[in-house]
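Shown next, in C-alpha cells, is the structure this report addresses.
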Amino acid sequence: MSLIELFIIAVGLSMDAFAVSICKGLSMRTMSLKNAVIVGLYFGGFQGLMPLIGYFLGIHFQQAITSYDHWIAFVLLVIIGINMIKESFASCESEELDPSVDFKTMTILAVATSIDALAVGVTFAFLQVEILPAISFIGCTTFLLSGIGVKVGTVFGCRYKAKAEIFGGTVLILMGCKILIEHLFF
C-alpha cells in the first residue's frame, strides 16, 4: 500500500473522530488547547490501537481466506463507508453536547469512533500492510484532525460535521472499490 493510499484511508477513518470533535468544540464555551490535545490523544490513540487489534485478528484467519480476501476488504470498506454516510444525516443539534473531556466520556467516544478502524485493520492483514507505520500514520492523522475539529466546532459549529462524514464514507467506499478492481483485473 502506497503512502498516498494510506493517507487517504487515514483521512477517511479520521472523519468520524473529526465530526465528533466538531461537536465537542461546539459544546465548549471557548477554545482550549489542553482540551483539543486531550480529544486528539483519545481519538488518535484509539484510531491507532483498533487497526492493530483488527490486524492481529486478520492475521489469525489470513491463511484460510486468502483466495477471497479482496472481497472481504471491499465489503468491509463499503459497509463502513455507507454507515458513515448514513450517520452524516443525523442532526448535530439532536446530539447531546457535553463539553467534558473526562476519562469515561472520552473513552466511550473514542471507542465508538474507532470501531470502523478495527475492520480496516483486518483488511490491512489481508493486504499485508506494514502495520506499525500504518497505525502510527492513522493515529497521528486522527490526532491532528481531531484537534482541528475542536477548533472548527468552537468557531463554526455543526456546519461541517455532515460533510466530513460524507467525505470519509465516500473515501472508504472508493478505496474498497479500488482494492477489488486491482485484485480482479490486474
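General remarks:
- With θ taken as phi - 60° and the Karplus curve 6.51 cos²θ - 1.76 cosθ + 1.60 applied, the whole-hertz 3J(HN,Hα) list for region 72-80 is 5, 4, 4, 4, 4, 5, 5, 4, 4 Hz, x standing for glycine and proline.
- Lys pairs, the chain - Cα-Cα below 17 angstrom, 8 or more residues apart or on other chains: 10
- Between region 104-171 and region 1-62, the Cα center-to-center distance that results, in Å: 3
- Taking 0.36 nm per residue of separation and subtracting the Cα-Cα distance, full extension of the segment from Lys34 to Ser67 would add 7.1 nm.
- Extension gain, Ala90 to Thr170: 0.36 nm times the residue separation minus the Cα-Cα distance gives 27.1 nm.
- Mean separation of Cα contacts under 8 Å, 6 or more apart, over the residue count of the chain: relative contact order %: 52
- Under the Karplus curve 6.51 cos²θ - 1.76 cosθ + 1.60, θ = phi - 60°, whole-Hz ³J(HN,Hα) for region 37-49, x wherever Gly or Pro sits: 5, 4, 4, x, 5, 4, 5, x, x, 6, 5, x, 6
Since every read-out is calculated from the coordinates, none of them should be taken as a lab result. Note that this is a predicted model, so its numbers are computed, not measured.
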